Each structure stands twice: as structure tokens, then as C-alpha cells.
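> Got a structure here, written out as C-alpha cells. Questions coming.
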Amino acid sequence: MKDAAPQTIYLKDYKPFGWIIDDVHLTFRLHPTATRVISRIRFRPDYEVHDRPFMLHGEGLKHISAKVDGHEVTLNHVEGGIEVEVPHAPFNWEAEVEINPQANTALEGLYMSNGMYCTQCEAEGFRKITWYPDRPDVMAQFTVRIESDAEHTPVMLSNGNGLYYEQDNAQSPAPNISIYQDPWPKPAYLFALVAGDLVAHEDTFKTMSGKDVRLSIYVRPGDEHKCAFGMEALKKSMKWDEEVYGREYDLDEFNIVAVDDFNMGAMENKGLNIFNSSCVLASPETATDGNFERIEAIIAHEYFHNWTGNRITCRDWFQLCLKEGLTVFRDAQFTADMRSEPVKRIDDVLALRARQFPEDQGPLSHPVRPESFQEINNFYTATVYEKGAEVIGMLKTLVGDDAYAKALDLYFERHDGQACTIEDWIKVFEDSTGRDLTQFKLWYSQSGTPEVTVREEYEGDTFTLHLTQSSAPTPGQDVKAPQVIPVAVGLLNDNGDEVLPTKILELTEAEQSFSFKGHATRPIPSALRGFSAPVTLTQDIDNARRAFLLAHDTDPFNRWEAGRDLARDSLIGTIVKGTAPNPDYLSGLKTLLRDDRLDPAYRALMLGQPSQSELAGILHKQGHTADPAAIHAATETLRDAKAKAFADLLPDIYAANQVAGPFSPDAEPAGKRSLSNAALSLLTRLDGGEAAEKQYKSAGNMTLQLAAFGALLDAGKGENAVAAFYDQWKDDRLVIDKWFSMQVMFANPEDLATTVTTLTQHADFDWKNPNRFRAVMGVMAAHHAGFNHESGAAYKVLADWLIKLDPVNPQTTARMCSAFQTWKRYDANRQALLKAQLERIAGQDGLSRDTTEMVTRILEA
Ligand code: TRP
Ligand code: ZN
């Protein structure tokens with residue numbers, strides 16, 4: 001079956017399985033290289049659809065035996081699994097297979113990480129564990145028995161509730177046994193098993209109906225002191241889901257396990273969430289404020305999946321956004337409630353523009369609900385997750401908060417226990433609001449970023465906004481129909497008072513006008529407030545107007561956006577025409593920075609400016625060829641100009657935002673640290689690193705230490721810190737990831753490839769560990785000027801390593817291929833260099849299906 005032509009799976013071909021499972025019993029006899037998996041499953045025909053062969057998935061399984069109703073059967077091997085002759089009546093399936101967790105470097109199925117057994121089954125990893133209909137629309141109750149030796153695996157966990165737990169004493173030759181029963185039917189992708197030498201950080205939670213839930217975070221011995229924050233985040237999430245969505249937890253225990261080798265952030269397995277250790281472990285000394293916030297959000301995200309994903313799951317993988325878009329939306333609401341709503345919104349829009357826009361405007365563009373794929377793992381994308389969440393936000397904006405809450409109640413009531421589609425989701429909103437959402441549904445099927453333009457007209461006392469929408473062609477979609485775009489607009493007078501509070505204009509046609517009567521003086525519009533739709537906005541306005549909005553807009557998002565637009569146009573002016581940084585931007589920003597009434601976190605965001613990659617994307621869209629060196633120079637010039645213009649202010653801001661007392665990761669002190677660190681970064685351009693040196697030496701937490709480290713590296717004075725940092729943290733893998741990343745991030749563009757190559761020769765460059773690989777290669781690809789250096793050296797370094805990683809871990813390799821998705825932005829020379837590397841990867845013998853699909857899509861469009 002090797003080298004079979006990659007198969008494309010289509011949404012339109014969906015067919016039900018044909019059988020129903022009553023229950024699943026699994027026994028695991030754990031062994032590092034020869035684990036036995038025994039399955040006993042009761043099947044019965046689904047009489048509505050029992051016209052097809054009985055097919056079970058399976059991949060890389062060593063077959064031991066298979067019986068139907070006690071009789072050994074022969075397996076017909078087919079692509080991706082087996083077909084078996086079975087009776088058209090209920091029957092018992094019993095099979096035994098052997099698998100090798102130690103050899104599993106792909107980190108999918110059952111594998112080992114630092115001597116510990118763990119699983120990752122989403123999307124299609126369960127088929128690497130046993131023969132099974134590995135598809136999300138087959139839901140069943142699981143009972144799992146784990147047998148192992150007590151010495152190496154004193155802790156053995158699976159989904160649901162532990163029935164009992166026996167631990168034999170060390171002398172006993174008898175295996176220890178653990179049995180878990182999950183009362184809730186679930187698809188196989190939510191199956192999980194963990195066994196190892198782990199310690200628990202424990203707590204309890206009383207649910208709204210008064211049930212006590214045992215909560216545990218399991219970690220390797222030595223990491224116990226990094227669990228407290230995650231536990232608090234979990235309890236906050238449980239409470240929030242009760243209060244805001246009325247959703248209560250539904251098992252006696254809830255377990256989280258931290259794993260060092262993991263392809264993504266975390267996984268919502270029923271009652272047994274498994275986390276990349278970087279997304280759960282935190283202490284003030286080792287984690288930054290950004291890490292704390294991210295951990296809180298991911299714990300919430302995985303917990304919220306219990307209802308949006310697990311109790312209501314997806315019919316097939318095309319419906320992935322049904323659970324992911326909704327769950328990202330819910331975790332964003334949670335973070336906004338726990339921290340600052342405007343800051344969270346700005347952070348999310350920054351992430352959307354940094355990751356989703358390039359995807360949607362390049363060769364990998366796909367709809368929020370894709371219609372075909374070769375490898376589903378390639379569709380866990382910013383579009384499915386983040387644009388998927390934006391689509392839910394727009395739906396809520398359009399129907400209103402109360403109608404949204406009612407629709408969600410109906411969704412849970414109607415679909416609990418089911419495997420659903422986007423059609424089911426939309427129908428819930430139609431039924432509960434009476435609204436026709438046919439046109440809205442285009443957000444799920446049309447790819448690309450819509451472009452909205454706004455033109456103003458003022459006549460008599462009537463102010464009119466003329467809006468248009470259009471969408472550039474994307475792969476497979478040349479022409480598009482107009483979508484429903486909620487454009488939030490407020491009107492201001494010359495003093496900055498609101499003369500019309502935020503109103504939602506529903507743009508449904510290619511061109512549409514909205515009039516506002518009774519305005520004796522010409523109002524000033526603030527459009528797309530709160531970034532009410534994932535579109536690009538073109539407004540025919542000048543810098544004076546932007547400066548006015550920067551000073552006065554009553555919508556915090558748009559106020560920030562006005563500054564951002566000024567920065568962007570200033571930078572583009574420098575790149576294209578060589579003009580100096582816009583003085584009005586600098587003075588407007590300065591006024592704002594001084595304003596102590598504004599949240600420090602918000603002011604820190606104000607100090608930011610578009611990234612080099614974002615600028616390259618904008619230039620490309622405007623018809624220019626992006627020149628990475630010129631872009632880099634312009635961003636440096638603007639940062640220097642800021643340092644100079646704010647020279648008198650920076651020491652005060654820095655001093656005023658120092659936080660005294662014991663460390664707290666809460667939003668308020670974290671905001672102060674983000675502002676003082678932003679000030680430090682600019683100050684370093686003036687004092688040559690004096691303040692950074694001081695901060696590095698006195699830092700009592702990682703947020704301050706890392707910022708000072710970065711400032712020193714940026715100033716070219718990081719040599720001592722590089723040695724000291726390593727020495728201090730060599731025993732902490734997560735901090736050493738940062739050590740690698742920082743050196744890559746702050747490398748000179750000319751030296752990036754050699755810096756990276758040197759780092760890959762370091763004894764701690766454990767390239768099979770995805771966190772370590774990404775800490776170096778991911779950060780290299782994000783170093784815009786260095787990665788896109790005209791020599792092409794960094795392109796080659798990345799391609800070499802992707803070729804090396806692909807046979808070991810296809811999933812992580814394929815994801816990182818997206819570093820090449822923007823290749824058409826650049827000049828002919830760079831395009832040729834990029835193309836050559838893509839073709840070299842594509843030409844590898846035995847290249848994984850994952851990576852083949854990615855490089856093919858990137859090359860084709
Ligand atoms: N469903 C997970 C989440 O969004 C992410 C996930 C999908 C994942 N596939 C994975 C995690 C593979 C690890 C490995 O929370
Ligand atoms: Zn998720």
C-alpha cells in the first residue's frame with residue numbers, strides 16, 4: 001500500500017457507517033515495544049443504512065486475532081483498514097492486536113514520552129490503536145482496563161470515572177490494574193489513555209447542582225510546583241461555563257495530564273484532557289505573563305469542549321469548525337470576562353491578521369468548512385479555528401445577545417449526544433430567531449477575506465455611508481456572492497462626543513448605502529467597530545482624521561486601529577517613497593502614552609506597529625513586490641523615531657509601571673509589566689542597554705527576565721546573558737525552549753541561517769521534540785527579514801530540516817510547511833529560491849501524505 005496515490009475525501013460523499021455500537025470494552029497490556037490491545041465490541045446493523053460492507057479502520061497494527069461471535073474470521077485488507085463478512089444481525093467483535101508505542105515518533109495513537117504512555121487520537125489516531133470505525137459519527141460507551149507493571153506506571157488513567165485502582169506492592173509480580181468507565185457515548189477521537197510515573201496536584205469543584213468533582217493535574221515528579229495556576233484556571237472555567245452557558249460538568253473526576261512531546265497545544269479527551277506541557281505548566285520564575293494568559297485560555301478551551309465538541313460532536317471532519325470555531329469563541333468570551341475585553345479583542349485581531357489573513361489570501365486558502373481534503377490534520381487551521389470563531393461572533397452580533405443565548409440553549413437541548421453538522425447549527429438559529437440565514441451560511445463555504453470599502457457623503461442634514469464588498473479569487477473559487485457583513489458604526493462630532501452610539505449596518509449586497517438624518521453638522525464615522533467582521537476595510541480618509549480618531553474614538557478597538565493605520569501608512573511611505581515617519585502619528589501616540597487613565601496593557605498595545613510580515617502582505621496586495629530588507633529597515637527607523645520622540649517620557653513610564661510585591665499573573669500587574677517592558681525595549685535604543693542590564697540582573701520573574709534578555713540581544717549585547725540564562729535554566733525544558741527561540745528571534749537577518757545551524761548543533765537541540773523543533777525552526781520562519789534574506793540560506797535550512805523530520809513526525813512537518821505559503825509576495829529571485837526548496841521537498845521518496853498535500857497546494861496556486 002506504500003506510495004498509493006493520495007486520495008481526496010469529499011464532503012459530498014458522506015455516508016453513515018451502517019452499524020451501531022452498543023458498547024466497547026478495551027484491555028491494554030502495556031509494554032513499551034509490544035503493547036497488546038484486546039477489544040470487545042457489540043455491533044448491530046443500522047437498518048436505515050445497512051447496504052455496505054463492514055469496514056473497520058486500522059493502521060500499522062500487528063494482527064493477532066479477530067472473532068465474530070466467537071469464531072475466528074479472515075480479514076480483507078483494504079485501503080486504510082479491513083473489511084469483514086459479518087451477519088446482518090447484532091454480533092460480538094473480539095480482536096487482539098499488538099502495537100509498539102516506543103517506536104511511535106509521529107505522536108499519534110499510543111506513544112511514549114519520557115517513559116510515560118500517552119495517546120493522541122484526534123483526528124484519526126485511534127485506528128493506530130485497534131481495528132475500529134474511526135469516524136466521529138460513531139459514538140459509543142467505553143470501558144477500559146489497563147494492565148501494567150506497578151513500578152513504571154503507578155498512575156494509569158483513561159476517560160470517564162475510575163472504577164477502582166489497585167496498586168500491588170513492588171515485590172508482587174502481579175500486574176497492577178486500573179479500570180475506567182465512561183458513561184457518555186463518544187467518538188473514538190476522544191479516547192485517551194495515560195500511564196506513567198506521575199504526581200497529581202489535586203483539588204475539588206462543587207458543581208451548580210451540588211456534585212463534587214475530583215480535579216487532578218498530573219505531571220512528572222519535579223513539576224508539581226507548576227500546577228497551581230492551571231488548577232485555578234480550570235475552576236474558573238468550570239464556574240464560568242455554568243454561569244454564562246448553564247453547562248455543568250458531567251463526571252465524578254476531571255483529569256489533566258502534562259506531556260512533553262505533543263504535536264499541538266492540548267486535547268479535549270473526555271474527562272482526561274492531555275496538554276502539551278508548555279500549555280499548562282507555569283510558575284512565576286519560568287513562565288511569562290503571556291504564557292500565563294495562554295495557559296488560562298487553553299485550559300478553558302479544552303474544558304469548554306466538554307459541551308461543544310464532546311457532548312455534541314461533529315458528524316464528519318468537514319464539520320470541524322462546529323466544535324472548534326464555537327469553542328474558540330467561548331474561550332475568547334471567557335478571557336474577555338476574566339481580563340480586559342478590548343485588550344483581548346485587539347490580541348485576537350492581531351493573531352487573525354498574522355495567521356489567518358495570509359492563509360486566506362494565499363495558496364492554502366480554504367473555506368471555514370472545507371469541502372475536500374487529503375489529510376485532515378492539515379485542516380486544523382487558523383481559518384477553521386479563528387475565522388470560525390469570528391463567524392460565530394458575527395452571528396451573535398446579528399441576532400443579538402439574548403437571541404444568541406436562547407439559540408445556544410436550543411442547540412444543547414436538541415443535539416445533546418449527537419454528531420452534528422453546520423446545517424444543524426444554522427437551523428437552531430433559524431428556528432429560535434425566525435431569521436433566514438441562507439446568505440449568512442456563505443461564511444462557511446466561501447473562502448477569502450472580503451474587502452469592504454466605505455465612502456462618505458453629506459448633504460443637507462443627511463449623512464450617508466456608501467459601502468461596497470468584494471472578494472478576490474481564491475483556489476477553486478473564482479467568483480463569489482455577496483456575504484452578510486455586520487458593519488458596526490458609530491458617529492462622532494468634532495469634540496469626539498458620540499452623536500450616534502454603535503449601530504450594526506447589515507451589508508448584504510455588493511453595494512449598499514446607509515443614511516443618517518438630522519445631523520446639522522457633518523459627523524465623523526467610526527467604522528467596523530470592535531472589528532465586527534473578518535474583512536479588510538478601505539476608507540477614504542486622511543491622516544488628520546485618523547489622528548482625530550486616535551485621540552477621541554469612544555470605541556477602544558477603533559481607537560487602537562486608528563493608530564495602527566497611521567503606523568502602517570507611515571511605514572509604507574518609508575518603504576515605497578522613503579518618507580520619514582509621520583510626526584502626527586508620533587505626537588498623537590505620545591499624548592496617549594501619557595494618559596494614565598488608559599489601561600497600561602492597552603497603552604502597550606498602542607506602542608506596537610504592524611509586523612514586517614503583515615507589511616509584506618499589504619504591499620503585495622497593493623501591487624508592490626515586497627522587499628524584506630526595505631521593510632526591515634523601515635520598521636527599525638520607526639522604532640528609532642519612537643525612542644527619540646518619547647525619550648523624555650520613557651523613563652517615567654518605565655518607573656511608573658514597576659510592580660512591587662509578590663508576583664501575580666493577573667491582568668492588572670501583567671498589563672503594567674507589558675507597558676514597562678515595551679518602554680524598556682525603546683529605552684534600550686537610547687541607553688545602549690543599561691536599563692536592560694539592570695533589569696536582567698534584578699528580575700524576579702520570567703516576564704522581566706525574558707524582556708531584558710530580548711532587549712540585550714536586540715542591542716547586540718546579549719552575549720553574557722546567553723551564557724548566564726543557559727546556566728540558570730539548563731534543567732528546565734520549557735525555559736530552554738525560550739533560550740533557543742530568543743537567539744533565533746534576535747539574530748541579524750544576515751546571520752540567521754548560520755545562527756540557526758549553530759543552534760541545531762547544540763546538545764540540547766532535541767529535534768524530535770516538537771516544542772524544541774518549533775522553538776528554533778518556527779521562530780526562524782517567523783523572522784521575516786532573515787528567513788527571506790536574498791541568499792535563500794534560511795529557506796534551505798528549513799527545507800533540510802523538514803525533509804529530516806517528515807519520516808519521524810509528518811504532522812508537525814506538514815504544519816510548518818505553511819512557512820512557505822507566502823512565496824508569491826517576493827521578487828523573482830526569491831520566488832525561484834523558494835520554489836526550488838518546495839520542489840525539493842515534494843520530490844522526496846516516501847514523503848508523507850501530510851507534507852505532500854501541503855507542498856502540492858502551495859506550489860499549485
Ligand atoms: N482538538 C484539539 C483542540 O482544539 C486540537 C487537536 C487537534 C490536536 N488535533 C490534534 C491536539 C492533534 C494534538 C494533536 O483543542
Ligand atoms: Zn479545540
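> For the range 1-92, list log₁₀ I(q)/I(0) at each q in 0.14, 0.23 Å⁻¹, using the Debye formula over Cα point scatterers of equal strength and ignoring solvent, two decimals each.
Values returned for q = 0.14, 0.23 Å⁻¹ are -0.65, -1.35.
> Let me ask you something else. How long is the gain from E506 to K621 if the chain were fully straight, where each residue apart is worth 0.36 nm and the alpha carbon distance is subtracted?
Working: separation 115, 0.36 × 115 = 41.40 nm, distance 2.61 nm.
That pair, E506 and K621, stretches by 38.8 nm at full extension.
> Using the heavy atoms of the protein chains and a 1.4 angstrom probe, tell me the accessible area per residue for the range 782-856 in square angstrom. Walk me through the numbers before you get to the answer.
On the way: 2720 Å² over 75 residues.
It amounts to 36 Å² per residue over the range 782-856.
> Also, quick follow-up: Over the range 19-197, one equal point on each Cα, no solvent: what is log10 I(q)/I(0) by the Debye formula at q = 0.15, 0.18 Å⁻¹?
Results for the range 19-197 at q = 0.15, 0.18 Å⁻¹ read -0.84, -1.19.
> Okay, next question. State in Å² the accessible area per residue of the range 313-445; use a 1.4 Å probe, count heavy atoms of protein chains only, and round to the nearest integer. Kindly include the intermediate steps, with their values, before the conclusion.
Numbers: 4130 Å² over 133 residues.
Per residue, the range 313-445 has an accessible area of 31 Å².
> By how many degrees, between 0 and 90 and to the nearest 10, does the Cα long axis of helix 556-577 differ from the longest principal axis of the chain?
Relative to the chain, helix 556-577 is tipped by roughly 70 degrees.
> Roughly how many Å is it from the Cα centre of the range 269-308 to that of the range 631-655, as a whole number?
If you average the Cα positions of each part, the centres end up 34 Å apart.
> Please compute the per residue accessible area over the range 639-775 with all protein chains in place, 1.4 Å probe, rounded to a whole number of Å².
On the way: 6100 Å² over 137 residues.
That works out to 45 Å² per residue.
> A further question on this structure: Beyond 24 Å, what share of the Cα-Cα pairs of the range 605-739 remains, rounded to the nearest whole percent? Walk me through the intermediate numbers first.
Values: 3636 of 9045 pairs.
Across the range 605-739, Cα pairs with separations above 24 Å total 40 percent.
> Quote the Stokes-Einstein diffusion coefficient, in whole µm² s⁻¹, for the chain, based on the Kirkwood radius over alpha carbon pairs, a temperature of 25 °C and a viscosity of 0.890 mPa s.
Values: Rh = 28.8 Å.
Calculated translational D: 85 µm²/s.
> Which whole-number percent gives the relative contact order of the chain, counting Cα pairs below 8 Å spaced six or more residues apart?
On the way: 1610 pairs, mean separation 72.0, N = 861.
After rounding, I find 8 percent.
> Using a 1.4 Å probe on the protein chains only, how many percent of the accessible area of the chain belongs to carbon and sulfur?
Values: 16470 of 33410 Å².
Answer for the chain: carbon and sulfur cover 49 percent of the accessible area.
> So if we plug the beta-carbon distance of R40 and E85 into 1/(1 + (r/R0)^6) with R0 = 25 Å, what FRET efficiency do we get, rounded to 0.05?
Working: r = 19 Å, r/R0 = 0.76.
The formula returns an efficiency of 0.85 here.
> Let me understand the range 313-445 better: what is its radius of gyration from the alpha carbons, and its Dmax, in angstrom?
Final numbers for Rg and Dmax: 14.8, 40 Å.
> Another one. Compute the long axis of helix 401-415 from its Cα atoms, compare it with the longest principal axis of the Cα atoms of the chain, and write down the angle in degrees, 0 to 90, nearest 10.
The answer is roughly 10 degrees.
> Could you please tell me the mean projected area of the C-alpha convex hull for the range 214-333, averaged over all directions and given in square nanometres to one decimal?
Numbers: hull surface 30.1 nm².
Here the figure is 7.5 nm², rounded to one decimal.
> Something else now. Longest exposed-loop-site-free stretch of the chain, with trypsin sites (Lys or Arg not before Pro), DSSP loop and at most 10 other Cβ within 10 Å?
Values: sites that count: K2, K517, R597.
The longest uninterrupted stretch comes out as 3-516.
> What FRET efficiency, computed as 1/(1 + (r/R0)^6) with R0 = 35 Å and r the Cβ-Cβ distance, is obtained for A551 and T464, rounded to the nearest 0.05? Intermediate results must be reported in sequence, preceding the final value.
On the way: r = 25 Å, r/R0 = 0.72.
So, using R0 = 35 Å, E works out to roughly 0.90.
> Grab the beta carbon distance between A336 and D478, set R0 = 41 Å, and tell me the FRET efficiency rounded to 0.05. Don't skip to the end; give the middle numbers.
Values: r = 38 Å, r/R0 = 0.92.
That gives a FRET efficiency of 0.60.
> In whole Å, what three semi-axes, largest first, describe the equivalent ellipsoid of the range 754-840 built from its Cα gyration tensor (square root of 5 times each eigenvalue)? Provide the component values of the computation, followed by the final result.
Details: eigenvalues 92, 41, 22 Å².
Rounded to whole Å, the semi-axes are 21, 14, 10.
> Helix 667-687 sits at what angle to the longest principal axis of the chain, using alpha carbons and giving 0 to 90 degrees rounded to 10?
60
> Where does the range 513-610 land on the Kirkwood hydrodynamic radius, alpha-carbon pairs, in angstrom? Intermediate results must be reported in sequence, preceding the final value.
Working: mean 1/r = 0.0684 Å⁻¹.
Every distinct Cα pair counted, the radius reaches 14.6 Å.
> How many Lys pairs in the range 313-445 lie less than 19 angstrom apart by Cα atoms, where the lysines are 8 or more positions apart or on different chains?
14
> For the range 477-516 and the range 88-122, what is the separation of their C-alpha centers, rounded to whole Å?
52
> Another question about this same structure. Can you list the lysines whose alpha carbon is less than 30 Å from that of K697, not counting same-chain residues fewer than 8 positions off?
Of all the lysines, those that pass the test against K697 - Cα under 30 Å, at least 8 places apart if same chain - are K226, K590, K642, K644, K672, K717, K730, K738.
> Under 14 Å from a label point 7 Å along Cα→Cβ of E371: give me every residue in the range 474-493 with its amide N that close.
The answer is 474-481, whose backbone nitrogens lie closer than 14 Å to the label point.
> Rounded to the nearest Å, what's the spacing between the alpha carbon centres of the range 713-747 and the range 524-591? Just the number, please.
36
> Could you calculate the contour length gain from D596 to D497, that is, 0.36 nm times the residue separation minus the distance between their Cα atoms, to one decimal place in nm?
Details: separation 99, 0.36 × 99 = 35.64 nm, distance 2.05 nm.
Between D596 and D497, full extension yields 33.6 nm more.
> Once the mean 1/r over all distinct Cα pairs of the range 438-510 is inverted, what Kirkwood radius in angstroms do you read off? Before the final figure, lay out each step's value.
Numbers: mean 1/r = 0.0703 Å⁻¹.
Taking every pair of different Cα atoms in the range 438-510, averaging 1/r and inverting gives 14.2 Å.
> A further question on this structure: With n ≥ 4 as the cut-off for DSSP H runs, can you work out [θ] at 222 nm for the chain, using -39500 (n - 2.57) per run divided by the number of residues, rounded to the nearest 500? Can you show the working numbers first?
Numbers: 29 runs with 333 residues, N = 861.
Only helices count here, giving -12000 deg cm²/dmol.
The values are calculated or read from the model by the stated rules, or taken from the named source; none is laboratory data. In this text the structure is predicted, and so the values were computed from the model without any measurement. All Cβ positions, glycine included, derive from the backbone under ideal geometry; neighbour counts span all protein chains shown. Note: accessible area is taken over every heavy atom of the protein model, side chains too, but ligands, DNA and RNA are not part of it. Shrake-Rupley method; radii C 1.70, N 1.55, O 1.52, S 1.80 Å.
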